[in-house]
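Worksheet: the structure to be examined is printed underneath.
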Amino acid sequence: MRRFVIKAVAASIVGLALSGQVLAADPAKKQIVIGTTVGDFGDMVKQSIKPQLEKQGYTVKLVEFTDYVRPNLALQEGSLDVNVFQHKPYLDNFAKEHKLSLKEAFQVPTAPLGIYPGKLKSLKDVKPGVTIAAPNDPSNFARALVMLSDLGWVKLKPGINPLTASERDIADNVKKVKIVPLEAAQLPRSRSDVDFAVINGNYATSSGIKLTDAVFQEKSYAYVNWGVVRAADAGKPWAKDVVAAYNSPAFKSYTKQKFAGYKLPQNWN
């Protein structure tokens, strides 16, 4: 009898200790460390993802970076569990170059590349000889060419790789477009000198330009950014909980209110 009472008391003490906390959905993983670049992806974690995961019993730590190199290296070495900052072409190239074992797990709302008005305010005003400022780095310049092709302003050679397209790949310059290559950060200021400017979403927002002001946004989902984990962790319960948080109704609602004009994950359609 005395032994039974002791066990009962011990059980009640444990129960009281646990009553004030929620156990993590994955008992083998209590803390999740998420790395993002400074800005919108960090805000998404702080304002929506972290509260969701903490309700499930996880502790969430956010680490913000100002470069595109350290987040993948930190993830590979284990100081991060998830990173959110890159599109798949960048991930594939970086992982191959540095021999990393990383895997994309979920897409995230991303400020897209867009065509913004300059001297001309509408696509209907386009005429032969239209001038367009575009990012001068190869990756974003290729994206700009694909957008011009989608509009029918140029025709690209059949079979070219859209991720590496260059001016040499233009088969027919239908609108006699004059492309003005500039550093990406200079594009918002270039609009007074050209008819239109192709501007990266992050440079548009940091310059006070609304994404909804774009007269055209890229159609491709190739450059929508991803949340990435180590390949060995992709199937673990905690990783699935992170994916679920980024695809939850709560996060979708938050995104549509907070990030108007963003390109949304393809699986949300």
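The values are calculated or read from the model by the stated rules, or taken from the named source; none is laboratory data. The structure displayed is predicted, hence computed values, not measured ones. All Cβ positions, glycine included, derive from the backbone under ideal geometry; neighbour counts span all protein chains shown. Only protein heavy atoms, including side chains, enter the accessible area calculation; ligands, DNA and RNA are left aside. Shrake-Rupley method; radii C 1.70, N 1.55, O 1.52, S 1.80 Å.
Structure data summary
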item	result
Residue check, Val229 surrounded by 13 or more Cβ atoms within 10 Å (Cβ to Cβ), at pLDDT 95 or above and in a strand (DSSP E or B)	yes
Scope region 195-210; condition open to solvent by 10 Å² or more (accessible area, probe 1.4 Å) and under 19 Å from Phe141 (Cα atoms); matching residues	Asp195, Asn200, Asn202, Tyr203
Extreme residue, modelled with the lowest pLDDT, among residues of region 158-194 that are farther than 23 Å from Asp125 by Cα, crowded, with 16+ Cβ neighbours inside 10 Å and of a type in the set (Gly, Ala, Ser)	Ala184
So Asn93, is it within 30 Å of Ile132 (Cβ to Cβ) and within 19 Å of the chain's Cα centre (by Cα)	yes
Residue that is surrounded by the most Cβ atoms within 10 Å (Cβ to Cβ), among those in region 246-269 that are touching a helix residue (DSSP H, G or I) at 6+ places or on another chain (Cβ under 9 Å), of a type outside the set (Gly, Ala, Ser) and not in a helix (DSSP H, G or I)	Lys263
Residue match in region 159-172 (condition: under 22 Å from Ala222 (Cβ atoms) and of a type in the set (Lys, Arg))	yes
Count - residues of region 203-224 that are in a helix (DSSP H, G or I) and touching a strand residue (DSSP E or B) at 6+ places or on another chain (Cβ under 7 Å)	3
Residue within region 237-245 that is surrounded by fewer than 17 Cβ atoms within 10 Å (Cβ to Cβ) and farther than 23 Å from Met44 by Cβ present	no
Matching residues in region 145-157 - criterion: being open to solvent by 10 Å² or more (accessible area, probe 1.4 Å) and either in contact (Cβ under 8 Å) with a residue 60 or more places away in the chain or among the aromatic types (Phe, Trp, Tyr) (or both)	Val146, Asp150, Leu151, Trp153
Selection from region 217-269 of residues that are within 30 Å of Phe196 (Cα to Cα), touching a residue at least 12 places away in the same chain (Cβ under 8 Å) and of a type in the set (Lys, Arg)	Lys219, Lys258, Lys263
Residue count, region 69-92 (criterion: out of contact with any strand residue (DSSP E or B) (no Cβ under 6 Å at 6 or more places or on another chain) and under 15 Å from Asp40 (Cβ atoms))	2
Residues of region 94-105 satisfying the condition of being outside any loop (DSSP other than H, G, I, E, B) and either among the small types (Gly, Ala, Ser) or surrounded by fewer than 21 Cβ atoms within 10 Å (Cβ to Cβ) (or both)	Phe94, Ala95, Lys96, Glu97, His98, Lys103, Glu104, Ala105
Counted residues, region 121-135 - those being under 30 Å from the mean Cα position of the chain (by Cα) and in a loop (DSSP other than H, G, I, E, B)	2
Near pairs, Cβ below 6 angstrom, 6+ apart or cross-chain, from region 74-90 (touching a residue at least 60 places away in the same chain (Cβ under 8 Å) and within 15 Å of Thr110 (Cα to Cα)) to any residue that is open to solvent by 10 Å² or more (accessible area, probe 1.4 Å) and among the aliphatic types (A, V, I, L, M)	Pro89/Leu163
Region 127-144, residues that are farther than 15 Å from Ala214 by Cα and surrounded by 14 or more Cβ atoms within 10 Å (Cβ to Cβ)	Val130, Thr131, Pro135, Asn136, Ser139, Asn140, Phe141, Ala142, Arg143
